[in-house]
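The values are calculated or read from the model by the stated rules, or taken from the named source; none is laboratory data. It should be emphasised that the depicted structure is a prediction, and the values quoted were computed from it without experimental measurement. Cβ sites come from the backbone with ideal geometry, for glycine too, and all protein chains shown count toward neighbours. Heads up: the accessible areas ignore ligands, DNA and RNA and are worked out on the full protein's heavy atoms, side chains in. Shrake-Rupley method; radii C 1.70, N 1.55, O 1.52, S 1.80 Å.
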Amino acid sequence: MDISTKVTWNPYSRGYFQDPYPHLKTCRENNPVHQGIHEAWMFFKHSDISKLLRHPNLGVSGLSEYLKEKEPYIFKNTETCPYLAQSTQWWPMYLNGNLHKKIRVALGKVFQALEWEPVILKAVERVNARYQSLNKFNLANYCADYIFMITSEIFGIDQYGTTAKIKEYSNLLARSQDLFVSKQFYQQINTSLLWGKQLFDRSAYREKIEAALKEQQLDYTSDHIYSLMTISLMATFETSKDNLCMALYEIIKRKHIIHLISESTPQQLNILIEELFRFTSPLQYTVREVQSPLNYNGISLPTQSKLYLCLASANRDPEVFDRPDEIIPDRQPNPHLSFGGGLHFCLGANVARLELRHCLQPMVQLLKDYTFDDHGESNVQWAKQIFMRNAQSILLKRNAL
Amino acid sequence: MIDIKKWLVEKVAEETGLNTEQISCDEDFNNFDMDSLSIVSIAADLESATNEEVDPTAFVEYNTINKFATWISQQK
């Protein structure tokens, strides 16, 4: 096939936001390495992506630096105080080298020392109590409420602002990393970041972070601390709720899995949870930047080239996963890349696992009595997000008796 | 309904700091001195102005004001 007739990755191709997998499959099968519509290099195969995630010549690209460069354009002719670059400056997934190592150690220690389990158990009980009497509800809200109960207690933020405003704040933080973001939208994110500056004033988590930074002998300002608070909140709330929502959506479509979850041993449940992470891939892409000139499989990649690694596609690669478009509850081994890999492996992976481990059985106990409302599963409203896939609305109704 | 061509000329002029008379409707968007975020931001403004979804990547295929305006009119 002539290269010019090959498919080009484009997240605005028809139906992508509803279901990106057909387009990703076409890219993986027909043009697994190419320059996408935005002209950056795209990778779709598991074999390439798992290698590139650990490649010594690759680092992560700097979000804060990018935003710093764009701020004069974004805020031209406005009175706004630019705060995008400053508040993202210590997001560890965009840092390299020693600073990245130290911040990762500091955050990792604090995360590990937190008492997640009792908070999670209490949240499952509370969210089910809140929803069990409803005949209709939005699955996305149900998941967001559960994760918000955990997040707000862990970070001590439930005394400030409204839940809706904090949820919006978290979503805007997530979308600051997306592709095709307009200046108008960056301005909205900036406003939200300025609003959130008091969010963590009474947070015990903040004190723990400061202690951990001192232990790492890192000099910091209040903006650095805020940067770490924003990423902790966004990573804990946004990705967890999206992951859970996608997982439950897929489970509701498959009644046999509901039954299987109810009957599962803890070990069987853990294996199924990994399969759900693979299948739903809430973080669909991750980006790496070439740090010194690189020749990869005959492609010359100059310094600073950006490589978009499609984790969602890698997780459906038939060269690695038998029947990749099916949920196979006892799939083992399961080398999915939903948490990335290498030095930037997701710091919150174990928390995400713990949240699912404790909620799946009680949640399916409630959800087994519900089905999709109105026009069934086609009635889902998908967010127009490329990097982090999620649904804004999945309406459920109680089954008729 | 807005005149898309006229609207785009004004937007590109605003983004480049040029006068509307200096904007050629057959010039590739890439050849205007605009920020890399400009096209996405123009697409967002166009969405607000028309209340219709606008695909920012369409500016790659329909890469001049004339081509884009023709394409948009054919979508209706």
Practice item. Evaluate the following for residue A:385: is it surrounded by 15 or more Cβ atoms within 10 Å (Cβ to Cβ), among the polar types (S, T, N, Q) and in contact with a strand residue (DSSP E or B) (Cβ under 6 Å, 6 or more places away or on another chain)? Key: no
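Would you point out which residue out of A:13, A:4 is modelled with pLDDT under 95 and in a loop (DSSP other than H, G, I, E, B)?
Values: A:4 fails: in a loop (DSSP other than H, G, I, E, B).
None of the others qualify; the one that does is A:13.
Kindly establish whether residue A:228 is in contact with a Phe, Trp or Tyr (Cβ under 7 Å, 6 or more places away or on another chain) and within 30 Å of residue A:204 (Cβ to Cβ). Before the answer, list the steps.
Working: in contact with a Phe, Trp or Tyr (Cβ under 7 Å, 6 or more places away or on another chain): yes; within 30 Å of residue A:204 (Cβ to Cβ): yes.
Yes: the conditions hold for residue A:228.
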Exercise for review: Considering only residues that are free of Cβ contacts under 8 Å to residues at least 24 places away in the same chain and open to solvent by less than 60 Å² (accessible area, probe 1.4 Å), look in segment A:143-160 and name the one that is farthest from the other protein chains (Cβ to nearest Cβ).
Suggested key: A:152
Check your understanding: Yes or no: residue A:330 open to solvent by 60 Å² or more (accessible area, probe 1.4 Å) and either more than 25 Å from residue A:144 (Cβ to Cβ) or in contact with a Pro (Cβ under 7 Å, 6 or more places away or on another chain) (or both)?
Key -> yes
Practice item. Scan segment A:75-89 and give yes if some residue there is at positive phi and either without any contact (Cβ under 8 Å) to a residue 12 or more places away in the chain or within 14 Å of chain B (Cβ to nearest Cβ) (or both), otherwise no. Key: yes
Review point. Residues of segment B:1-53 being among the hydrophobic types (A, V, I, L, M, F, W, C), farther than 24 Å from residue A:71 by Cα and either surrounded by fewer than 19 Cβ atoms within 10 Å (Cβ to Cβ) or facing chain A (nearest Cβ under 10 Å) (or both), which ones?
Key: B:1, B:2, B:4, B:7, B:23, B:25, B:49
Review point. Does segment A:26-48 hold any residues that are of a type in the set (D, E, K, R), buried (at least 18 other Cβ atoms within 10 Å of the Cβ) and assigned to a helix (DSSP H, G or I), and which are they?
Key: A:28, A:48
Check your understanding: If you take the residues in segment A:52-78 that are more than 30 Å from residue A:296 (Cα to Cα) and in a loop (DSSP other than H, G, I, E, B), which one is most open to solvent (accessible area, probe 1.4 Å)?
Key -> A:77
Revision key, fill the gap. Restricting segment A:161-195 to residues that are assigned to a loop (DSSP other than H, G, I, E, B) and within 14 Å of chain B (Cβ to nearest Cβ), the one most open to solvent (accessible area, probe 1.4 Å) turns out to be A:180
Check your understanding: Residues of segment A:196-210 being in a helix (DSSP H, G or I) and either open to solvent by less than 10 Å² (accessible area, probe 1.4 Å) or not small (Gly, Ala, Ser) (or both), which ones?
Key -> A:196, A:197, A:198, A:205, A:206, A:207, A:208, A:209, A:210
Review point. Which residue out of A:303, A:286, A:280 is at pLDDT 95 or above and closer than 17 Å to residue A:32 by Cα?
Key: A:286
Review point. Of all strands (runs of 3 or more DSSP E) completely enclosed by segment A:337-401, which ones contain at least 2 residues that are of a type in the set (A, V, I, L, M, F, W, C)?
Key: A:395-398
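Among the residues of segment A:9-45, write down those that are within 13 Å of another protein chain (Cβ to nearest Cβ) and either in contact with a helix residue (DSSP H, G or I) (Cβ under 8 Å, 6 or more places away or on another chain) or under 21 Å from residue A:282 (Cβ atoms) (or both).
Kept after step one, since they are within 13 Å of another protein chain (Cβ to nearest Cβ), are these residues of segment A:9-45: A:9-17, A:23, A:35-40.
Residues satisfying the conditions are A:9, A:10, A:11, A:12, A:13, A:15, A:16, A:17, A:23, A:36, A:37.
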